[in-house]
Amino acid sequence: CEQNARWNEQGHRGLRVSVNVSSHQFLEAGFADVVRSALESSGLPPVSLELEITERSLLRAVAITLNTLRRLKELGVRLAIDDFGTGYSAMAYLKRLPIDVLKIDQSFVRALTTDPADATITETIVQLASGLNLTSIAEGVETLEQLLLLGSYGCNRMQGFLFGKPVPPTVFEQWLENPPFRWVQGDP
């Protein structure tokens, strides 16, 4: 939160930082209060924070999970289900969750171009997200072929080594000033 708030102060508004939350953290009493405190002390607008909770974590302690998710949404942060497709969640449960994003697990993306079953699962998750008015993000995109196939499914948010490897904040700041690539719809 503090780092993203600094980037905001430097004029790089609109950045959203995603943070993985462990199931232990998520189920702790007062987790939403910890998030509120981090936002308040850093001055980061809540919309600039996205919390990623694994599908498996959401299946534990359903009453606590729903209460925590609602409190986080009231704060204004975005919520993502990470590693979607690996936790055996029930669709009836999924539609009740106040979430914004389904992140397609990289295990499906990895064999997307070679395994018809993984391609079908991935396309179905993209359609499911769209039908629920959620954003879908494909994890682990490493090849242009994966990018093009995901795009043909309607998935327009992706992350992975094709776009870059994790970097320290100072390198990311250089990228903000001089992006290493430019992707514009319609470009070859």
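Worth pointing out:
- 3J(HN,Hα) couplings calculated from phi for region 150-160 with the Karplus curve 6.51 cos²θ - 1.76 cosθ + 1.60 (θ = phi - 60°) are, in sequence order, 4, x, 5, 7, x, 8, 10, 10, 9, 9, x Hz; Gly and Pro show x.
- If R0 equals 22 Å, the separation of the Cβ atoms of Thr124 and Leu144 corresponds to a calculated FRET efficiency of about 0.45.
- The slack in the chain from Lys95 to Glu173, taken as 0.36 nm per residue of separation less the alpha-carbon distance, amounts to 24.3 nm.
- Rolling a 1.4 Å probe across the protein heavy atoms gives the chain an accessible surface of 57 Å² per residue.
- Interchain or long-range residues, amide H under 5 Å from Glu142's placed H: Leu162
- Rolling a 1.4 angstrom probe over region 1-41 with all protein chains present gives an accessible area of which 47% lies on carbon and sulfur atoms.
- Here the 3J(HN,Hα) profile of region 23-28, calculated from phi with Karplus coefficients 6.51, -1.76 and 1.60 at θ = phi - 60°, is 4, 4, 4, 4, 8, 5 Hz, Gly and Pro shown as x.
- Normalising the average separation of contacting C-alpha pairs (under 8 angstrom, six or more residues apart) by the number of residues puts the relative contact order of the chain at 15 percent.
- Region 1-58: GluC sites (Glu not before Pro) in DSSP coil with no more than 16 other Cβ atoms inside 10 Å: Glu28
- Using a probe of 1.4 Å on the protein chains alone, the accessible area found for Phe163 is around 60 Å².
- Longest segment of the chain lacking trypsin sites (Lys or Arg not before Pro) that sit in a DSSP loop with at most 13 other Cβ atoms within 10 Å: 97-181
- Under 5 Å from the amide H of Val19 lie the amide H atoms of Glu50, Leu51, Glu52, each residue being 5 or more positions distant or on a separate chain, with H modelled from the backbone and absent for Pro and chain starts.
- Note on Asn156/Leu59: beta-carbon distance plugged into 1/(1 + (r/R0)^6) with R0 of 41 Å gives a FRET efficiency of 0.90.
- With all projection directions averaged, the alpha carbon convex hull of region 1-146 covers 9.4 nm².
The values are calculated or read from the model by the stated rules, or taken from the named source; none is laboratory data. All values reported here derive from a predicted model rather than from experimental measurement. Reconstructed Cβ throughout: ideal geometry from the backbone, glycine too, with neighbour counts over all protein chains shown. Heads up: the accessible areas ignore ligands, DNA and RNA and are worked out on the full protein's heavy atoms, side chains in. Shrake-Rupley method; radii C 1.70, N 1.55, O 1.52, S 1.80 Å.
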